[in-house]
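Heads up, the thing below is written out as structure tokens.
The values are calculated or read from the model by the stated rules, or taken from the named source; none is laboratory data. None of the values given here were measured: they were computed from a predicted structure. Don't worry about glycine lacking a Cβ; one is built from the backbone with ideal geometry, like all the others, and counts go over all protein chains shown. Surface areas here come from the heavy atoms of the whole protein model, side chains and all, with no ligands, DNA or RNA. Shrake-Rupley method; radii C 1.70, N 1.55, O 1.52, S 1.80 Å.
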Amino acid sequence: IREEFHNRKGYDITRYLPLLTTDAVRVTSGRAKQYDYMASDPAGNALARKVRMDYYSVISDLYLENVLKPLQEWLHSLHMTLRAEPSYGMPYEISTPARYLDDVETESFAQAADIDLYRGMLGSANMYGRIFSSETGAVPGRNYYYNMDDWTQLCFLQFAGGVSRTVFHGYSAMEGSEKDTYWPGHEGMYARFSERFNSRQPASVHYPGWTRMLAGNQKVLRQGVPARDIAILRTDYSFINYGQPKGYNTFVNNYFMHDMPYFWRDLTLQRAGYTYDYFSPLLLEDGEHVSWTKDTLQPDGPAYRAIIVYQESIELSSAKKLLTIAKDGLPVLFVNHNTEVAAHDSTEIHHKKAASVCKYKKDSETELQAVVEEIKALPNTVEVENPAQTLPALQGLGVFPRVAFEGQNNKILTVSRRDRKNMIFYTFVYSYRFGLEKDAAPCSFTLNIEGEGTPYCANAWTGKVRRIGRYKIRDGRTCVPLTLQSGEAAIIALDLSSSGMPHAVFTTADDIVEKDGMLHAKAFASGKYETILSNDKNISSEILVPDAIRLTKWNIEVEDWNEGRKVRNTERKFGHQTTEVYYTTKKTKLIFKDCSLAAWKDLPATKEQLATLAGEHPTMSNVSGVGTYTTEFDLPEYWREENGADLVMESAGGGSVEAWVNGKRTPGIDIRTLRVDITYLLRSGRNHLRIQVASTLTNRMLQRNYQSKKSRWTEAFPMVQDYGLTGDVSIVPYATVPLQTGHQNK
């Protein structure tokens, strides 16, 4: 390393070694890096900072050249690819490794699924055209706790952060040594590391439909190339990982959910709809893989429309490359006085003047100043004194988001892809405050998508695609109104090859839908509705809708999962004998006839039923597993062809849900909205409904004292969960009326 350092930096590192040593080799974000020695004066400390940056840049380059590059080449020779979580826990630069990776991977534990941290790795993945994947579900101390709504929200949050490959953590075999194995299965990664995505989970009965939904989203998120707005340059040798902040340490409750970004702290851009990524300016120097035009950086990739520089120090060589790019016309903003989070002990980095200091010892401050001043003199460059001035500065340069909101929106995130070949622009839209605002009113907003075309909505839960019947074309954009519940996601596909399709620009109806090639007004309540079409026709529609059918009495079968028999397997091989054990799962059925809905723990179990359960003091509060609900309902005699209906459930306790009407499975059911159209499954007269809900194993594991298994559970965590269907379940009718009929007014 000493020789490599001298060859690359031109001086001997030996005399500076005391300034490099730290309290730990491994970097965590719990507290700021503690150096063993500091210089005794400001000038000495300034020099020390540059020497440290020199050292980190050298070992980062050695990591790339001597670890990732040869490993990737070797794997490619075997027709394999390299996916890795780069630079984790070490003082290596976080974005440069992407050059020698085939997939860039993050994880939901080390970054607590924080969007701003994901941006720190997403930028390099986008610059190099790599899939951004995530080790998903590695959440310490929550094994058997998070329900399927939680896991869905984690996946959606990652999708909004640019992830398009979900790699679940982790599978554990059922068998193990007798000493270390207990029901429901062997803890292959210790009890304190989640999760066990396998058949020991009751929700596994619904995994096929759930994973199809995830795959549908991921397929959309891999179409074409990413469409991003802003590239924010930042070099990071101490990336935030492994050490979450106290009180903000889960994906449900991380910094991002509380409007506390790590790096770009001002949220005005995000709330206006701009998407942005972080990566080192060193990537600009990769002439083999980086290109630009006067309008975009990486035009065949993310096509960033502007570059923001805010860190105080910058590499001189990168500044020179930035000058070349800026001279060709690409907008560049220097933003002064930004503050970054350096660690979770409240340590911050306060930047003064952006790009005003050389990062490395050998670089000339005078030369850097001249280069930066030359960039700032260009007409496509702006300098602002604080991040809050960035939005008007971008707009002044003519840089607008590809997907904009009308006004500021603090609930919605988008991530977009453009498929030039098929002329489709995809946008994944997510109401991301799924935990903090779980019971908030739905958010209504308008997506102003760049380009004029016909919008479609793709439902990954059901697998269906429908043309959106209500939108506006304005100023070269397609304006699509949406309403999403907290935690709900949607996919909007804008077909840019098709414009001028008839559509509504205004309606008082609940929706405008296409049916049999014609536009229809759709309403869930009887009344008179007004619609204005894109051809300026005003149409009044009288719509008659039957009353909702509340389903109040059910036959309920709860299948309780608990320890079954122990199975011992003995194998002799190579002169050795090994014995492993596993436990089957005993599934006890508890039946409640003609019963009102209630959480399983509150169902009226008899003494005889409780006696069939395991445990010293059996109670319904211990029950975990799968619940099946059946009932019947009649359609009214005046049900007409234009009527349809949704099955609407109030709560399933966060569990996964599947349903059957008259013996046929409904389309996939969004765990958060719990609403699905069942029109084509209905028949006149009597109809049969079956709903199946799967729980976590939390309640059973509490009864089995999982706290004693080094699970990190405590007496206070977790509490007994409310499983099963609760609240109202209804058949909610609607009616559709063609807009080409009825009284029309010009």
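Using a probe radius of 1.4 Å on heavy atoms only, what accessible surface per residue do you get for the chain? Whole Å² is fine.
On the way: 31700 Å² over 746 residues.
Computed with neighbouring chains in place, this is 42 Å² per residue.
Rounded to the nearest 10 degrees, what's the angle between the helix 316-327 long axis and the longest principal axis of the chain, both from Cα atoms, 0 to 90?
With both axes taken from Cα atoms, the answer is about 70 degrees.
Just the C-alpha atoms of segment 1-116: what Rg/Rh do they give, with Rh taken as the Kirkwood radius? Intermediate values should be presented prior to the final figure.
Working: Rg = 16.7 Å, Rh = 16.2 Å.
Ratio of gyration radius to Kirkwood radius: 1.03.
For a quick check: with amide H placed at 1.01 Å from N, whose amide H comes under 5 Å from E452's, ignoring anything fewer than 5 positions away on the same chain?
none
Taking GluC sites (Glu not before Pro) that fall in a DSSP loop and have at most 15 other Cβ atoms within 10 Å as cut points, what is the longest piece of the chain between them? Walk me through the intermediate numbers first.
Values: sites that count: E178, E288, E385, E406, E616, E637, E641, E715.
Value returned for the longest uninterrupted segment is 407-615.
Ignoring ligands and nucleic acids, what accessible area does R550 show with a 1.4 Å probe (Å², nearest 10)?
Per-residue accessible area (R550): approximately 150 Å².
Between the DSSP loop rule and a limit of at most 11 other Cβ atoms within 10 Å, which chymotrypsin sites (Phe, Trp or Tyr not before Pro) in segment 203-289 are left?
Numbers: sites: W210, Y237, F239, Y242, Y248, F251, Y255, F256, Y262, F263, W264, Y274, Y276, Y278, F279; in loops: Y237, F239, Y242, Y248, F251, Y255, Y262, F263, W264, Y274.
Here no chymotrypsin sites (Phe, Trp or Tyr not before Pro) fit, given the DSSP loop and packing criteria.
What is the Cα radius of gyration of segment 301-392 over 2.2 N^0.38 Å, N being its residue count? Show your work: numbers first, answer last.
Numbers: Rg = 13.7 Å, N = 92, 2.2 N^0.38 = 12.3 Å.
It is 1.12.
Cα centroids of segment 538-595 and segment 189-239: how far apart, whole angstrom?
With segment 538-595 and segment 189-239 each reduced to a Cα centre, they are spaced 25 Å.
Just to confirm the number: angle between the C-alpha axis of helix 207-220 and the first principal axis of the chain, 0 to 90 degrees, nearest 10?
With rounding to tens, the tilt is 50 degrees.
Could you tell me, in Å, what Rg and Dmax come out for the Cα atoms of segment 546-590?
When restricted to Cα atoms, segment 546-590 yields Rg and Dmax of 22.5, 75 Å.
Quick one: dipole size for the chain, taken about the Cα centre, charges +1 on Lys/Arg Cβ and -1 on Asp/Glu Cβ, in debye to the nearest 20. Let's see the in-between values first.
Values: 86 positive and 89 negative charges, 224 e Å.
Around 1080 debye, computed over the chain.
Which of the peptides 458-466, 410-418, 37-45 is most tightly packed, and how do the rest follow, going by the mean number of other Cβ atoms within 10 Å of each residue? Provide the component values of the computation, followed by the final result.
Working: 458-466: 16.7, 410-418: 20.8, 37-45: 10.7.
Answer by packing, highest mean first, reads 410-418, 458-466, 37-45.
Of the DSSP beta bridges with both residues in segment 197-313, give the percent that are antiparallel, rounding to the nearest 5. Kindly include the intermediate steps, with their values, before the conclusion.
Numbers: 2 of 10 bridges.
Approximately 20 percent, going by the DSSP bridge assignments.
Using a simple spin-label model with points 7 Å from Cα along the Cα→Cβ vector, what separation in nm is obtained for D516 and D36?
Rounded to a tenth, the inter-label distance reads 8.3 nm.
Hey, could you get me the Stokes-Einstein D for the chain, Kirkwood radius over alpha-carbon pairs, 10 °C and 1.306 mPa s, rounded to whole µm² s⁻¹? Can you show the working numbers first?
On the way: Rh = 28.8 Å.
Estimated via Stokes-Einstein, D reaches 55 µm²/s.
When the Kirkwood radius is taken over all Cα pairs of segment 519-649, what Stokes-Einstein diffusion coefficient follows at 20 °C and 1.002 mPa s, in µm²/s?
After rounding, the answer is 105 µm²/s.
From the phi of every residue in segment 292-302, what ³J(HN,Hα) in whole Hz does the Karplus formula 6.51 cos²θ - 1.76 cosθ + 1.60 yield, where θ is phi - 60° and glycine or proline is x?
7, 10, 5, 10, 9, 9, 6, x, 8, x, x
Taking a cut-off of 19 Å between Cα atoms, list the lysines near K593, but don't count ones fewer than 8 places away on the same chain.
Leaving aside lysines fewer than 8 places away in the same chain, those within reach of K593 are K553, K601, K607.
For every helix of n ≥ 4 consecutive DSSP H residues, a contribution of -39,500 (n - 2.57) applies; sum these over the chain, divide by its total residues, and give [θ] at 222 nm rounded to the nearest 500 deg cm²/dmol.
On the way: 12 runs with 126 residues, N = 746.
When only DSSP H runs of four or more count, the value is -5000 deg cm²/dmol.
Give the carbon-plus-sulfur fraction of the accessible surface of the chain in %, rounded to a whole number; probe 1.4 Å, heavy atoms of protein chains only.
On the way: 15710 of 31700 Å².
Taking all protein chains in place, the chain shows 50 percent carbon and sulfur surface.
Just to be sure I understand: if I project the alpha-carbon convex hull of segment 634-687 onto a plane and average over all orientations, what area do I get in nm²? Can you show the working numbers first?
Values: hull surface 16.1 nm².
That works out to 4.0 nm², a quarter of the Cα hull's surface.
Could you grab the Rg to Rh ratio for segment 82-222? Cα atoms only, Kirkwood for Rh. Intermediate results must be reported in sequence, preceding the final value.
Working: Rg = 16.1 Å, Rh = 16.1 Å.
For segment 82-222, the value is 1.00.
In segment 607-693, which trypsin sites (Lys or Arg not before Pro) are in a loop and have at most 14 other Cβ atoms within 10 Å, using DSSP for the loop call?
R640, R683
For K438, which aspartates and glutamates qualify as cross-link partners when the Cα separation must be under 12 Å and same-chain residues fewer than eight apart are set aside?
Qualifying aspartates and glutamates at Cα under 12 Å: D149, D150, E488.
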